[in-house]
Amino acid sequence: MTLRIFDAEGLPVRQLANGQYSGSDGVVLWDGRNDAGFAVGVGVYVLLLEATDARSSESIRQTIPIVVGR
């Protein structure tokens, strides 16, 4: 499973998971910081989830909008 966050312009902001195995349930928390450790600004971000089902080898790709406010 790969989880990445992009800003509204499509630039990468943070990678939360890369190639990690996950079960059917789970929780990933984002602290609102970028890969350099700085807090991101207020705005709209996009979470990109990419995963492959281990049993069927079916690939999943989903985008989820995130709004950051203060």
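Descriptive notes on the structure:
One line per residue, one yes/no per condition, for (1) under 10 Å from residue 5 (Cβ atoms); (2) open to solvent by 50 Å² or more (accessible area, probe 1.4 Å); (3) aliphatic (A, V, I, L, M):
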| site | (1), (2), (3) |
| --- | --- |
| 28 | no, yes, yes |
| 34 | yes, no, no |
| 38 | no, yes, no |
| 41 | no, no, no |
| 53 | no, yes, no |
| 62 | no, yes, no |
| 70 | no, yes, no |
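- Every residue from region 40-68 that is within 19 Å of residue 12 (Cα to Cα) and either touching a helix residue (DSSP H, G or I) at 6+ places or on another chain (Cβ under 9 Å) or small (Gly, Ala, Ser) (or both): 41, 43, 51
- Checked against (1) in contact with a Gly (Cβ under 9 Å, 6 or more places away or on another chain); (2) in contact (Cβ under 8 Å) with a residue 24 or more places away in the chain, residue 13 passes all but condition (1).
- A search for C-beta distances below 9 Å between a residue of region 59-70 that is touching a residue at least 24 places away in the same chain (Cβ under 8 Å) and assigned to a strand (DSSP E or B) and any residue that is surrounded by 10 or more Cβ atoms within 10 Å (Cβ to Cβ) and of a type in the set (Phe, Trp, Tyr), counting only pairs 6+ apart in sequence or on different chains, returns 66/30; 66/45; 67/45; 68/45.
- Residue check for residue 32: on the phi > 0 side of the Ramachandran plot and touching a Ser or Thr at 6+ places or on another chain (Cβ under 8 Å): no
- Neighbours by Cβ (under 9 Å, 6+ apart or cross-chain): first from region 16-42, within 15 Å of residue 54 (Cβ to Cβ) and assigned to a loop (DSSP other than H, G, I, E, B); second open to solvent by less than 70 Å² (accessible area, probe 1.4 Å) and modelled with pLDDT of 90 or more: 19/2; 20/2; 20/3
The values are calculated or read from the model by the stated rules, or taken from the named source; none is laboratory data. The structure displayed is predicted, hence computed values, not measured ones. Neighbour counts run over all protein chains shown; Cβ positions are idealised from the backbone, glycine included. Quick note on the areas: whole protein, heavy atoms, side chains included, nothing else; ligands and nucleic acids left out. Shrake-Rupley method; radii C 1.70, N 1.55, O 1.52, S 1.80 Å.
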